[in-house]
1. Here is a list of conditions, (1) in a helix (DSSP H, G or I); (2) touching a Phe, Trp or Tyr at 6+ places or on another chain (Cβ under 7 Å); (3) over 25 Å from CYS144 (Cβ atoms), and HIS280 meets all of them except one; can you say which number that is?
2. Taking segment 232-274, which residues are part of a loop (DSSP other than H, G, I, E, B) and of a type in the set (D, E, K, R)?
3. Can you spot a residue in segment 325-348 that is among the β-branched types (Val, Ile, Thr), under 30 Å from PRO131 (Cβ atoms) and not in a loop (DSSP other than H, G, I, E, B)?
4. Condition first: touching a helix residue (DSSP H, G or I) at 6+ places or on another chain (Cβ under 8 Å), more than 24 Å from MET242 (Cβ to Cβ) and polar (S, T, N, Q). Now tell me which residues in segment 274-326 satisfy that.
5. Please state which one of GLN316, GLN304 is of a type in the set (S, T, N, Q), touching a Leu at 6+ places or on another chain (Cβ under 9 Å), assigned to a strand (DSSP E or B) and touching a residue at least 40 places away in the same chain (Cβ under 8 Å).
6. Show me the strands (runs of 3 or more DSSP E) entirely contained within segment 24-124 in which 2 or more residues are out of contact with any Pro (no Cβ under 8 Å at 6 or more places or on another chain), touching a residue at least 40 places away in the same chain (Cβ under 8 Å) and buried (at least 16 other Cβ atoms within 10 Å of the Cβ).
7. What number goes with the only condition from (1) assigned by TED's automatic domain parsing to the domain that holds CYS245; (2) surrounded by fewer than 22 Cβ atoms within 10 Å (Cβ to Cβ); (3) not in a helix (DSSP H, G or I) that ARG127 does not pass?
8. Looking at segment 231-249, which of the residues that are surrounded by fewer than 22 Cβ atoms within 10 Å (Cβ to Cβ) and among the hydrophobic types (A, V, I, L, M, F, W, C) is farthest from LEU133 (Cα to Cα)?
Amino acid sequence: MSVNKVDVAIIGGGVHGCSTAYHLARKGFKVALFERDFISSGASGRSAAGIRLQFGTEVNCLLAQYNIQVFKTLEQDLNYPLPLEYDPAGYLWIAYTEGQMAQMEKNVALQNSLGSPSRMLTAEGIREVAPYLNTEGMLGGSFCQEDGHINPHTLCFAYADSAAKLGAEIYKKTSVTGLIVKNGRAAGVHTTRGDWEADAVVCCAGPWSVEVGKWAGFDIPITPERHQVLITEPVERIKHPMTLCQDDGAYVKQCPNGTFYMGWDNPKDEHDAEYIVNWHFLHEVTRRIIPRMPILKDIRVVRQWSGPYDITPDHQAIVGKTPMEGLFIDCGWSGHGLQFGPSIGRIMAELVNNETPFIDVSVFRYSRFEENDLFFEPCCI
């Protein structure tokens, strides 16, 4: 029986896996990507797909700046026939306490020092950028007009399609069932479609990366966390940025097609990656969102779905080499990973090619957990 051989095998067909496949294919690597369901069917496609420059650490700010610049022209650069719906409608973070305001001021100062045009707002300033919000109880917030959101599905499809045009093999409905290991090194993958030998394996499997770590003999410190989203019927577009409330994590955005997405950072979210929803979430989100945005009270909710976060102990990603030679991981983004697809896909390709990454991401190294060198993002949900 013939053996399938590639340079790099990628596990996971979300935006990070597809972007990595694209960037590796651009470098001339022979790539095979394996997705157990269909492209964007996991955490990426179930994301609220916010994009922002507003972070509180230098590395995330620098990565975010690169992402935004890529998103501005990505549809044309990839020549994809469907719209990516990149919408720079702005992103508004709302503070309810003096402590939250103080942290936002520090974050905005860092962002400005690196060239990002975010700014602080008073409650009156919030009403100017989001006139349909009820600002009662709001002290102020931070805002950046270049922030916004994107269509997570067409983003993944565009990267996968472009990778395929460059020669990458994209295998859907194909589960990876184990690693091929030779002399202690990752040398390929076992799949439900057969075996693929590879010089390197890249795991972009979100919360399911834990299983890959077990195959390799080490623990990946990720806890899955189920998050739900409500989607309304489409209505006329209004002036409204993506909005996140710091008191309870409630958020709302309006998509280009007129639908609203609404969610809430439920502290009792189930620690699993199941695609299960419940009526309790519907009640809690509407109870929290409607008083803040009364214009939504008569709009029908037409869909509800759930998707998993992959939470690490410091809520930061794990990017780069692993204890097993030849195995690279990109996971643990803890709910804000989709927007990092452009930068991290490029960096993973650089790491596999033994290049120095264009942005230093060593703070995301796997070994930081053993070194007790955790890396926290201030005021980040």
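The values are calculated or read from the model by the stated rules, or taken from the named source; none is laboratory data. Computed from a prediction, not measured in an experiment: that's the story for all the values here. Neighbour counts are summed over all protein chains in view; Cβ atoms, including those assigned to glycine, are modelled from backbone coordinates with ideal geometry.
1. Evaluating HIS280 over (1) in a helix (DSSP H, G or I); (2) touching a Phe, Trp or Tyr at 6+ places or on another chain (Cβ under 7 Å); (3) over 25 Å from CYS144 (Cβ atoms) leaves (2) as the failure.
2. Just the residues of segment 232-274 that are part of a loop (DSSP other than H, G, I, E, B), to begin with: 233-241, 246-250, 255-259, 264-274.
Selection gives GLU233, GLU236, ARG237, LYS239, ASP247, ASP248, ASP265, LYS268, ASP269, GLU270, ASP272, GLU274.
3. Going residue by residue through segment 325-348, those that are among the β-branched types (Val, Ile, Thr) are 329, 344, 347.
Narrowing the set further to residues that are under 30 Å from PRO131 (Cβ atoms) leaves none.
No: zero hits.
4. Correct list: THR322 only.
5. Values: GLN316 fails: assigned to a strand (DSSP E or B).
Going through GLN316, GLN304 in turn, the sole match is GLN304.
6. On the way: elements: 31-34, 91-95, 119-122.
Strands (runs of 3 or more DSSP E) meeting the threshold: 31-34, 91-95.
7. Every listed condition holds for ARG127 apart from (3).
8. Here is the first cut: in segment 231-249, the ones surrounded by fewer than 22 Cβ atoms within 10 Å (Cβ to Cβ) are 231-240, 247-249.
Still in the running and among the hydrophobic types (A, V, I, L, M, F, W, C): 231, 235, 238.
On the way: ILE231: 19, VAL235: 17, ILE238: 12 Å.
Once the filter is applied, the top-ranked residue is ILE231.
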